[in-house]
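> Here it is, the structure, as structure tokens.
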Amino acid sequence: MCGIFGVTNNSDASRLCYLGLFALQHRGQESAGIVSLNEGALQVEKGRGLVSEVFSEKNFSALQGKQAIGHVRYSTAGGALDANIQPLYARVAGETIALAHNGNIVNADSLRQTLEQSGAIFQGTADTEILLHLLARSRKNQFVDRLVDALIPLEGAVTLVVLTKTEMHAYVDPCGYRPLVIGKLRGEGEEFSWIFASETSALDLVGADFVRDVNPGELVSVDLVSQRLRSTALPMQSHQSNTGEESRCVFEHIYFARPDSTLWGQNASLVRQELGQELARCHPAPADLVIAIPDSGTPLAMGYSQASGIPFATGLIRNHYVGRTFIEPTQTVRNFRVRLKLNPVKEIVRGKRLVVVDDSIVRGTTSRKIIELLREAGAAQVHMRIGSPPVKFPCFYGIDTPKRKELIAQKMSLVEMCDALHADSLGFLPQEALVRVVEKHGFNGTRNQGKKGFCMSCFDGTYQDSGAQILGNPEGVPT
Ligand code: AMP
């Protein structure tokens with residue numbers, strides 16, 4: 001998962017980008033980068049770590065110019081190599097371009113193989129580099145036509161900002177997996193800047209007004225001189241979706257997006273509250289208090305409390321300063337990480353029957369540890385309630401849900417899971433209830449109004465494209 005940001009026509013372009021990336025830091029903590037366009041040449045500053053670790057005042061003297069794009073990365077395709085740090089840049093048909101990508105190209109392996117067989121040399125292992133090669137191979141004269149040529153063969157989640165000498169482009173694949181919004185930042189007199197961002201929280205931080213979403217299959221191009229915005233529609237290709245349906249990632253609503261972001265027309269926090277209300281109706285519990293696993297469980301727990309009438313309490317406190325620096329992603333240390341991050345308030349939970357609400361269970365590590373901590377702190381009962389269905393299938397579109405065999409819901413029945421977590425009861429939000437809430441409000445300006453609009457593949461294993469079907473099937477044969 002990653003966060004992307006772009007800004008045109010602003011003498012503070014790279015600083016605005018830096019701020020935008022701060023607001024998108026939750027989408028990727030592994031590396032950060034900014035590319036600006038100064039007098040026709042690209043300037044690049046990027047590195048490993050958080051935005052605050054990568055950038056300091058001195059970087060900005062090397063990021064001049066009125067246009068910039070930025071990226072924060074959490075690698076879900078390709079490893080943590082320096083060559084994979086985005087934005088990527090290259091000379092394509094005599095012109096230097098830079099691009100920042102969020103999402104996973106699911107047919108990356110086969111495209112890379114074909115390109116390598118015909119002589120292509122790759123610097124890194126990230127799927128995004130494929131796009132540079134496809135751009136270089138197009139025979140079209142105009143860059144925008146080359147871009148369209150390069151985008152068509154891709155399957156999966158492709159949300160992009162691209163910077164050339166004359167234009168900035170923003171694109172969302174025809175399935176619309178990942179969000180991308182357009183904002184407008186007003187300047188002096190008639191002056192204004194266009195802003196592109198993965199989430200509206202980044203527009204808020206830089207003081208830009210939300211204009212609209214980039215729609216599925218839409219390529220938005222800004223002329224860097226006139227600031228005129230042009231829209232090109234790319235039709236859904238049969239290899240991109242076997243149903244022809246848009247397929248927004250529902251996990252953005254459940255977990256990934258910041259709660260203050262408006263995703264596809266709906267505020268994420270309010271959606272989570274509604275999911276919590278549905279959860280209370282579907283899975284009531286005999287309890288004294290509702291507590292959240294912060295932060296992602298908080299709006300869900302508030303919704304549960306509203307619908308059930310059971311009081312909400314802050315029974316777990318999160319340490320916000322843990323960071324990620326020295327914690328290796330191994331199972332042993334993951335156990336320890338939960339303790340480091342969350343501490344029960346003993347005086348609140350002691351002797352109480354608790355409803356404990358979280359957004360999801362993936363491996364089960366977090367819930368198991370938290371239930372243990374709460375029991376040690378004196379909780380009388382722990383009723384675990386989860387604001388999404390059981391995650392049974394891996395995601396190939398950019399959410400880091402692991403291999404099938406690591407997913408607890410893939411290995412165990414509900415009763416077995418409840419036992420393994422040492423919960424008094426366990427309830428997941430049914431998929432129908434999830435669909436009911438997220439599809440209730442429709443989408444802004446979508447082509448397929450009223451049709452199924454969300455990807456639920458991590459819950460039901462229904463992948464839209466043959467690339468993901470192949471990855472999802474251990475035998476490598478589409479099901
Ligand atoms: P697990 O311990 O593997 O069951 O992970 C579940 C916890 O991780 C929940 O508290 C979620 O809030 C959080 N979570 C869910 N999906 C992700 C993800 N893709 N990356 C990081 N954390 C996640």
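The values are calculated or read from the model by the stated rules, or taken from the named source; none is laboratory data. For clarity, every value in this text was computed on a predicted model and none was experimentally measured. For neighbour counting, all protein chains shown are included, and Cβ atoms are generated from backbone atoms with ideal geometry for every residue, glycine included.
Residue-by-condition table, conditions (1) among the acidic types (D, E); (2) more than 16 Å from the ligand (Cβ to nearest atom); (3) over 16 Å from R248 (Cα atoms); (4) outside any strand (DSSP E or B):
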{"residue": "F393", "(1), (2), (3), (4)": "no, no, yes, yes"}
{"residue": "F396", "(1), (2), (3), (4)": "no, no, no, yes"}
{"residue": "I399", "(1), (2), (3), (4)": "no, no, no, yes"}
{"residue": "P402", "(1), (2), (3), (4)": "no, no, yes, yes"}
{"residue": "A409", "(1), (2), (3), (4)": "no, no, yes, yes"}
{"residue": "E416", "(1), (2), (3), (4)": "yes, no, yes, yes"}
{"residue": "D419", "(1), (2), (3), (4)": "yes, no, yes, yes"}
{"residue": "A423", "(1), (2), (3), (4)": "no, no, yes, yes"}
{"residue": "G427", "(1), (2), (3), (4)": "no, no, yes, no"}
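> Quick check on the range 334-363: of everything there that is in a strand (DSSP E or B) and out of contact with any helix residue (DSSP H, G or I) (no Cβ under 6 Å at 6 or more places or on another chain), which residue is farthest from the ligand (Cβ to nearest atom)?
Restricting to residues being in a strand (DSSP E or B) and out of contact with any helix residue (DSSP H, G or I) (no Cβ under 6 Å at 6 or more places or on another chain), the top hit is R353.
> Select from the range 264-311 the residues that are acidic (D, E) and part of a loop (DSSP other than H, G, I, E, B) and write down the one among them that is modelled with the highest pLDDT.
D288
> Are any residues in the range 222-263 polar (S, T, N, Q), more than 22 Å from the chain's Cα centre (by Cα) and at pLDDT 95 or above, and if so, which ones?
S226, Q227, S231, T232
> Any residue in the range 255-269 that's within 15 Å of S360 (Cβ to Cβ): show its pairings with residues that are of a type in the set (S, T, Y) and modelled with pLDDT under 95 at Cβ separation under 6 Å, as long as the two are six or more apart or on different chains.
If the second residue must be of a type in the set (S, T, Y) and modelled with pLDDT under 95, the pairs left are Y255/S296.
> Considering the range 436-479 alone, what residues qualify as being at pLDDT 90 or above, crowded, with 16+ Cβ neighbours inside 10 Å and assigned to a helix (DSSP H, G or I)?
Across the range 436-479, the qualifying residues are V437, V438, S457, C458, F459.
> A follow-up question, please. Being in a strand (DSSP E or B) and among the aromatic types (F, W, Y) is the filter; apply it to the range 146-200 and report the residue that is surrounded by the most Cβ atoms within 10 Å (Cβ to Cβ).
F196
> Here's a follow-up. Between a first residue in the range 402-417 that is more than 11 Å from P390 (Cα to Cα) and free of Cβ contacts under 8 Å to residues at least 12 places away in the same chain and a second residue that is more than 12 Å from the ligand (Cβ to nearest atom) and assigned to a loop (DSSP other than H, G, I, E, B), which pairs have beta carbons less than 6 Å apart while being 6 or more apart in sequence or on different chains?
Between residues of the range 402-417 that are more than 11 Å from P390 (Cα to Cα) and free of Cβ contacts under 8 Å to residues at least 12 places away in the same chain and residues that are more than 12 Å from the ligand (Cβ to nearest atom) and assigned to a loop (DSSP other than H, G, I, E, B), there is no close pair.
> Given the criteria buried (at least 19 other Cβ atoms within 10 Å of the Cβ), among the aromatic types (F, W, Y) and in contact with a strand residue (DSSP E or B) (Cβ under 6 Å, 6 or more places away or on another chain), does F5 qualify?
In short, yes.
Residue by residue, here is whether (1) closer than 24 Å to L151 by Cβ; (2) of a type in the set (D, E, K, R) holds:
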{"residue": "N9", "(1), (2)": "no, no"}
{"residue": "R15", "(1), (2)": "no, yes"}
{"residue": "Q25", "(1), (2)": "no, no"}
{"residue": "G28", "(1), (2)": "yes, no"}
{"residue": "G33", "(1), (2)": "yes, no"}
{"residue": "Q86", "(1), (2)": "yes, no"}
{"residue": "N102", "(1), (2)": "yes, no"}
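> Which one is nearest to the ligand (Cβ to nearest atom), of the residues in the range 36-53 that are crowded, with 18+ Cβ neighbours inside 10 Å and over 21 Å from the mean Cα position of the chain (by Cα)?
E45
> Which of (1) surrounded by 23 or more Cβ atoms within 10 Å (Cβ to Cβ); (2) in a loop (DSSP other than H, G, I, E, B) is the odd one out, the single condition L203 does not satisfy?
(2)
> Further question on the same structure: Among the residues of the range 264-284, which ones are hydrophobic (A, V, I, L, M, F, W, C) and buried (at least 23 other Cβ atoms within 10 Å of the Cβ)?
Hits for the range 264-284 are W264, A268, V271, L275, L279, A280.
> What's the number of the only condition in (1) under 19 Å from F312 (Cβ atoms); (2) away from the ligand (no atom under 13 Å from the Cβ); (3) under 25 Å from the mean Cα position of the chain (by Cα) that A377 fails to meet?
Result: A377 fails condition (3) only.
> At least 2 residues that are more than 30 Å from R228 (Cβ to Cβ) in each: list the strands (runs of 3 or more DSSP E) lying fully within the range 9-98 that qualify.
31-38, 41-48
Yes/no per residue for (1) in contact with a Ser or Thr (Cβ under 9 Å, 6 or more places away or on another chain); (2) closer than 13 Å to A202 by Cα; (3) among the β-branched types (V, I, T):
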{"residue": "M1", "(1), (2), (3)": "yes, no, no"}
{"residue": "F5", "(1), (2), (3)": "yes, yes, no"}
{"residue": "Y18", "(1), (2), (3)": "no, yes, no"}
{"residue": "L21", "(1), (2), (3)": "no, yes, no"}
{"residue": "G28", "(1), (2), (3)": "yes, no, no"}
{"residue": "S31", "(1), (2), (3)": "yes, no, no"}
{"residue": "E39", "(1), (2), (3)": "no, no, no"}
{"residue": "Q43", "(1), (2), (3)": "yes, no, no"}
{"residue": "G47", "(1), (2), (3)": "yes, no, no"}
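> Within the range 242-257, how many residues are more than 13 Å from the ligand (Cβ to nearest atom) and out of contact with any strand residue (DSSP E or B) (no Cβ under 6 Å at 6 or more places or on another chain)?
5
> Given the criteria over 28 Å from I399 (Cα atoms) and either of a type outside the set (S, T, Y) or outside any loop (DSSP other than H, G, I, E, B) (or both), does R139 qualify?
yes
> Show the residue pairs that are 6+ apart or on different chains and have beta-carbon atoms under 6 Å apart, the first residue being within the range 307-318 and in contact (Cβ under 8 Å) with a residue 12 or more places away in the chain, the second being surrounded by 19 or more Cβ atoms within 10 Å (Cβ to Cβ) and part of a loop (DSSP other than H, G, I, E, B).
Partner pairs satisfying both residue conditions: I310/A287.
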